[in-house]
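S.K.: Got a structure for you, questions after.
The values are calculated or read from the model by the stated rules, or taken from the named source; none is laboratory data. These figures come from a predicted structure and were not determined experimentally. Positions of Cβ are backbone-derived with ideal geometry, glycine not excepted, and every protein chain shown enters the neighbour counts. Note: accessible area is taken over every heavy atom of the protein model, side chains too, but ligands, DNA and RNA are not part of it. Shrake-Rupley method; radii C 1.70, N 1.55, O 1.52, S 1.80 Å.
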Amino acid sequence: MPRIHVEVDGATYEDDVEPRLLLVHYLRERLGKVGTPVGCDTSNCGACTVLMDGMSVKSCSVLAVQADGLDVTTVEGLGVDGDTHPMQRAFHEEHALQCGYCTPGMIMASLDLLRENPDPSEDEVREGLEGNLCRCTGYQNIVKAVRRAASDMREPGRQEVTP
């Protein structure tokens, strides 16, 4: 059985894992990171999106062994000193969620989008999040939240794009 060394949300883990164990199941079942939901299990919805070395991945399509030696950030690893991350705050303030199931994946994919483009237009946000589905909101408030977070994160003294 392969042994992996992975940093998740700032903590280092060393575990033996089955070669076919998906990252989403490793995070939820072995590490208790239940903020990353299992959505479709086919990589279509994006609800399980996490950051792996700063880049968004759908954790239902990544094997845990592929995370060996890498840094994984889940929605639970955002924020500093108990304060919410500007992206989380913007989603709350702009009412960018209803049922909340897609929200962790949307937030993580949005952070990757802002890493590549710190000031996206509405169309660029929509294009950047097209791999993440929301069945409740119609996306308008999600787009507003991402643009608000982008603006907030560009202010001096605010959190950087990377968590």
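S.K.: Counting Lys and Arg as +1 and Asp and Glu as -1, what is the net charge of the other residues whose Cβ lies under 13 Å from the Cβ of Asn44?
M.R.: Details: positive: Lys58, Arg135; negative: Asp41, Glu130.
Residues close to Asn44 contribute a combined charge of 0.
S.K.: Determine the per residue accessible area of the chain with all protein chains present and a 1.4 angstrom probe, expressed in square angstrom. All intermediate terms of the calculation are to be shown ahead of the outcome.
M.R.: Values: 8180 Å² over 163 residues.
On a per-residue basis, the chain sits at 50 Å².
S.K.: Rg(Cα) of the stretch 86-154 divided by 2.2 N^0.38 Å? Could the numbers behind the result be given before it?
M.R.: Working: Rg = 10.4 Å, N = 69, 2.2 N^0.38 = 11.0 Å.
The reported ratio for this selection is 0.94.
S.K.: Right, something else. Based on DSSP H assignment, which helices of the chain show an axial Cα extent of at least 15 Å together with a mean Kyte-Doolittle hydropathy greater than or equal to -1.0? If you can, show how the numbers build up before the last one.
M.R.: Working: long enough: 103-116 (20 Å, 0.46); 140-154 (22 Å, -0.57).
What comes out of the filter, once short or polar helices are dropped, is 103-116, 140-154.
S.K.: For the stretch 3-77, just list the percent of Cα-Cα distances falling in each 5 Å bin from zero outward, please.
M.R.: 3, 18, 33, 30, 13, 3
S.K.: Using alpha carbons only, how many angstrom separate the centre of the stretch 1-70 from the centre of the stretch 72-127?
M.R.: 19 Å
S.K.: Tell me which of Tyr139, Asn117, Leu129 sits at the most positive position along the dipole axis of the stretch 86-154, charges placed on C-beta atoms (Lys, Arg +1; Asp, Glu -1).
M.R.: Positive-end residue among those listed: Tyr139.
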